[in-house]
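Report on the following structure.
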Amino acid sequence: MNTLPAFDREPYLRELAATVLAIGTDERGPYAVLSDTILYPEGGGQPADHGMIGLSAVVDVQKRESEIRHYLAEAIPVGAAQVVLDWARRFDHMQQHTGQHLLTAVAHTRFGWPTTAFHLGDTRCDVELETPSISTTELALLEYAIAEEIHAARVVRARQVSPEDYAALAVRSRGLPEGHSGAIRLVEIEGLDLNTCGGTHVRSTAELEVVKLLGTEPIRGGIRLFFVVGGRARARMGEHERRNAALRALLGAPDEELVVALEAKLDQLKAAERRGRALEEEFATAVIDRLALGSDRILAHHFEDKDANFVQKAARQLASRVPSQVVFLTGTRDGVSCFVLTAGEASGFDVAMAGKELASILDAKGGGAKGFFQGKTSTLARLDQALAWLRG
Ligand SMILES: [Zn+2]
């Protein structure tokens, strides 16, 4: 293709009458090659466009072997076809991508922080800046300086230059794809920035609406700065508002007191858990004290709403008090039941044999060692039968 593709000439074009020149299938699936296209192929940090060719959805667009392959949900025939761009997705990419140009230019010229990488994520973007740290104040100043350039509504335009002209220009980034030859595409933010780039951009910084810096984290000796632009900033603000409204209702506090209110609730929860554990231990001690008074050879008890840990601990405590008796404890919590069978050596009781038999009666999985047998089951419906066998 000698002439530039339509997405390059007219990034705001949303529909195009084109011809499907060739169809094929590769490891990514069925694809079509068009006479011209408004669908941007993934590259330069900008994700691929989505859209429609005829009746088929385009799920991916990639440059392969000097052609642009439009990967399709369903195969289509060669011939004339209407191409429709998923404009919402594209405009979002144009905002994020152009926002990154602006952020990079301002961070470099005003703060001396060069950009070394850019990622356009599904929900947020980030750049990696060559600086050991960025303070909260610097972050606020950077955001404000970017906002001023948005207010200035600077024209953003792309153009092709010859390699000779390119060499003479003050271009910020000199990254060209490997093996590049011929004309070079430059993207300019008038009066501010000149850069090589093959992506799609908004036509004025005013269309960025807002660049919101979200935060930083250290990475590879530099700083990773997260941000969102335009529609994403508004969507994010909307999500924050919905979340805050839900939290206000739950915590009964205004926005500025939500964190303090939640911290207080968590403290209350921890205190309640401590009290709960103390009560549970008191309860276990009381039950064990009562059971230990029993003179039957088999000491049995069922704990409702108690898990295997609790039942095991109780069984060990009780068994240590009654070395010549047999301890059989069960428990149920959250639909899972367990049993423990144990007896001291003085009892002369075969725990392993009896445990297996009980597991069989209770339809349980289990095992054990050294006079201790435990099992897990989904139901204790045959508990009476198990007890009868044990006592018989
Ligand atoms: Zn760009």
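The values are calculated or read from the model by the stated rules, or taken from the named source; none is laboratory data. Please read these numbers as outputs of a predicted model, since none were measured by experiment. Every residue, glycine as well, gets a Cβ built from its backbone with ideal geometry; the counts of neighbours run over all protein chains shown.
Mind checking which pairs have a first residue in the range 194-209 that is farther than 17 Å from F7 by Cα and a second that is near the ligand (Cβ under 7 Å from one of its atoms), Cβ under 6 Å, 6 or more apart or different chains?
That search, which allows pairs on different chains as well, returns N195/V187.
Quick test of your reading of the structure: P77 fulfils all but one of (1) more than 25 Å from the chain's Cα centre (by Cα); (2) away from the ligand (no atom under 16 Å from the Cβ); (3) surrounded by 14 or more Cβ atoms within 10 Å (Cβ to Cβ); (4) closer than 30 Å to V33 by Cα. Name the failing condition by number.
Checking P77 against (1) more than 25 Å from the chain's Cα centre (by Cα); (2) away from the ligand (no atom under 16 Å from the Cβ); (3) surrounded by 14 or more Cβ atoms within 10 Å (Cβ to Cβ); (4) closer than 30 Å to V33 by Cα, the one that fails is (3).
Tell me the residue from V127, V202 that is under 17 Å from A233 (Cβ atoms), within 14 Å of the ligand (Cβ to nearest atom), part of a loop (DSSP other than H, G, I, E, B) and within 31 Å of the chain's Cα centre (by Cα), please.
V202
If Q95 satisfies every condition in (1) surrounded by fewer than 16 Cβ atoms within 10 Å (Cβ to Cβ); (2) within 16 Å of the ligand (Cβ to nearest atom); (3) of a type outside the set (D, E, K, R) but one, which is the exception?
In the conditions (1) surrounded by fewer than 16 Cβ atoms within 10 Å (Cβ to Cβ); (2) within 16 Å of the ligand (Cβ to nearest atom); (3) of a type outside the set (D, E, K, R), Q95 misses (1) alone.
Within the range 66-75, is there a residue that is in a strand (DSSP E or B) and among the polar types (S, T, N, Q)?
No, the conditions are met nowhere in the range 66-75.
Working only within the range 104-136, note down all residues that are among the acidic types (D, E) and under 28 Å from D49 (Cα atoms).
Listed by number, the residues that qualify are D122, D126, E128.
Filter the range 1-53 for residues that are in contact (Cβ under 8 Å) with a residue 12 or more places away in the chain, closer than 23 Å to T98 by Cβ and among the charged types (D, E, K, R) and give the result.
Scanning the range 1-53 gives D8, E10, R14, E15, E42, D49.
Counting just the residues of the range 21-30 that are closer than 18 Å to A81 by Cβ and under 30 Å from the mean Cα position of the chain (by Cα), which one comes out farthest from the ligand (Cβ to nearest atom)?
Step by step, filter the range 21-30, then rank; the result is P30.
Yes or no: the range 193-213 includes at least one residue that is touching a strand residue (DSSP E or B) at 6+ places or on another chain (Cβ under 8 Å), of a type in the set (D, E, K, R) and either more than 23 Å from G231 (Cβ to Cβ) or loosely packed, with under 14 Cβ neighbours inside 10 Å (or both).
The answer is no; no qualifying residue exists.
Counting just the residues of the range 36-52 that are buried (at least 22 other Cβ atoms within 10 Å of the Cβ) and not in a loop (DSSP other than H, G, I, E, B), which one comes out farthest from the ligand (Cβ to nearest atom)?
So the residue we want is G51.
Among (1) surrounded by fewer than 12 Cβ atoms within 10 Å (Cβ to Cβ); (2) farther than 16 Å from T104 by Cα; (3) modelled with pLDDT under 95, which single condition is R174 missing?
(2)
Hey, any hits in the range 274-297 for a residue that's at pLDDT 95 or above and either surrounded by 12 or more Cβ atoms within 10 Å (Cβ to Cβ) or under 30 Å from T377 (Cβ atoms) (or both)?
The answer is no, given that none of the residues of the range 274-297 is at pLDDT 95 or above and either surrounded by 12 or more Cβ atoms within 10 Å (Cβ to Cβ) or under 30 Å from T377 (Cβ atoms) (or both).
For the range 370-392, enumerate the residues that are touching a residue at least 12 places away in the same chain (Cβ under 8 Å) and farther than 20 Å from G335 by Cβ.
Result: G371, F372, F373, Q385, L387, W389, L390, R391.
For V260, indicate whether it is within 30 Å of T116 (Cα to Cα), outside the structural domain of A319 (by TED's automatic domain parsing) and at pLDDT 95 or above.
No.
Restricting attention to the range 230-253, does a residue exist that is modelled with pLDDT under 95, in the same structural domain as Q96 (by TED's automatic domain parsing) and surrounded by 12 or more Cβ atoms within 10 Å (Cβ to Cβ)?
No, the range 230-253 has no match at all.
Applying the selection to the range 48-74, what residues are within 16 Å of V20 (Cβ to Cβ) and either acidic (D, E) or outside the structural domain of G29 (by TED's automatic domain parsing) (or both)?
E67, E74
Pick from the range 179-192 the residues that are touching a strand residue (DSSP E or B) at 6+ places or on another chain (Cβ under 8 Å), free of Cβ contacts under 8 Å to residues at least 60 places away in the same chain and not charged (D, E, K, R): which of them is nearest to D86 (Cα to Cα)?
L186
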